[in-house]
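Colleague: The structure's right below; bear with me while I get my questions together.
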Amino acid sequence: MKIAKEGWPFVLIFALATALVGWLAVRFVGDPGYAIVGVGIVLTLWCLWFFRDPERTTPTLAGGVISPADGVVCAIGRAELPKELGLSEGMRTRVCVFMNVFNVHVNRVPVNGKIIGLAYTKGKFFNASLDKASIHNERMAVAIRSDAGDVIGFVQIAGLVARRIVCRLRDGQDVKQGERFGLIRFGSRVDVYLPPDAEVKVALGQKTIAGETVLAMIPTRSGRESVEVKGKGVSVGR
């Protein structure tokens with residue numbers, strides 16, 4: 001089982017704590033101390049399991065947008081792109097995926113393209129399943145221009161328990177659909193902002209698999225309008 005590299009420090013802490021506390025418990029408490037050792041081993045194994053990073057097979061679909069996160073679709077609707085990205089005003093289709101502590105927390109890129117915007121925002125730690133979490137919670141917003149010319153936004157949102165967002169992307173980076181780009185520790189949410197004419201392929205309550213589940217299909221089109229993204233000309237399908 002592959003483990004995300006961000007998880008190894010936690011696994012090491014759990015293992016060392018188990019060894020130290022277990023040794024003290026057995027020495028000073030006696031046989032009952034072995035129960036504490038058992039609990040420590042279980043917690044260490046849980047930490048390993050939490051940071052698991054399984055391989056995924058990403059479907060090759062023209063116009064397909066793949067889920068960036070394992071979890072459950074908790075909201076589908078219309079929303080403006082995050083203002084911190086510097087994108088033009090306008091409503092988009094938004095699909096939100098909520099991750100609980102039992103899901104794989106490694107996040108993956110939803111489309112092939114180039115990163116054109118990154119914005120980290122400090123905030124609160126409300127329950128990530130609530131709609132207000134997209135506005136008030138700590139988050140990392142990303143804008144990507146797909147190979148087809150569409151601008152897609154996706155946002156890693158910290159939750160009630162999650163207090164650490166990891167995003168390894170950089171501005172101007174070329175990315176491939178399905179590749180790993182970061183994670184959020186201990187339960188959270190990822191919002192995906194699609195062009196308004198995208199056809200959503202998932203339903204509320206549906207489980208998603210990062211790098212595999214098709215969230216939406218974007219129609220092929222020839223006409224595009226130019227908008228400004230942080231001073232850069234970017235084409236966005238209408």
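The values are calculated or read from the model by the stated rules, or taken from the named source; none is laboratory data. Please read these numbers as outputs of a predicted model, since none were measured by experiment. Glycine also receives a Cβ, built like all others from the backbone with ideal geometry; neighbour counts cover every protein chain displayed.
Colleague: Hey, can you tell me all the residues within the stretch 64-102 that are in a loop (DSSP other than H, G, I, E, B) and modelled with pLDDT of 90 or more?
Modeller: Result: Ser67, Pro68, Ala69, Asp70.
Colleague: For the stretch 177-187, does any single residue satisfy the condition of being over 23 Å from Asn100 (Cβ atoms), at pLDDT 95 or above and assigned to a strand (DSSP E or B)?
Modeller: No, the stretch 177-187 contains no residue that is over 23 Å from Asn100 (Cβ atoms), at pLDDT 95 or above and assigned to a strand (DSSP E or B).
Colleague: Right, another one. Mind listing whichever residues of the stretch 62-77 are touching a Pro at 6+ places or on another chain (Cβ under 8 Å) and under 14 Å from Phe154 (Cα atoms)?
Modeller: Listed by number, the residues that qualify are Val65, Ile66, Ser67, Pro68.
Colleague: Tell me which of these Ile36 doesn't satisfy, since it passes every other one: (1) outside the structural domain of Ile157 (by TED's automatic domain parsing); (2) within 25 Å of Glu179 (Cβ to Cβ).
Modeller: In the conditions (1) outside the structural domain of Ile157 (by TED's automatic domain parsing); (2) within 25 Å of Glu179 (Cβ to Cβ), Ile36 misses (2) alone.
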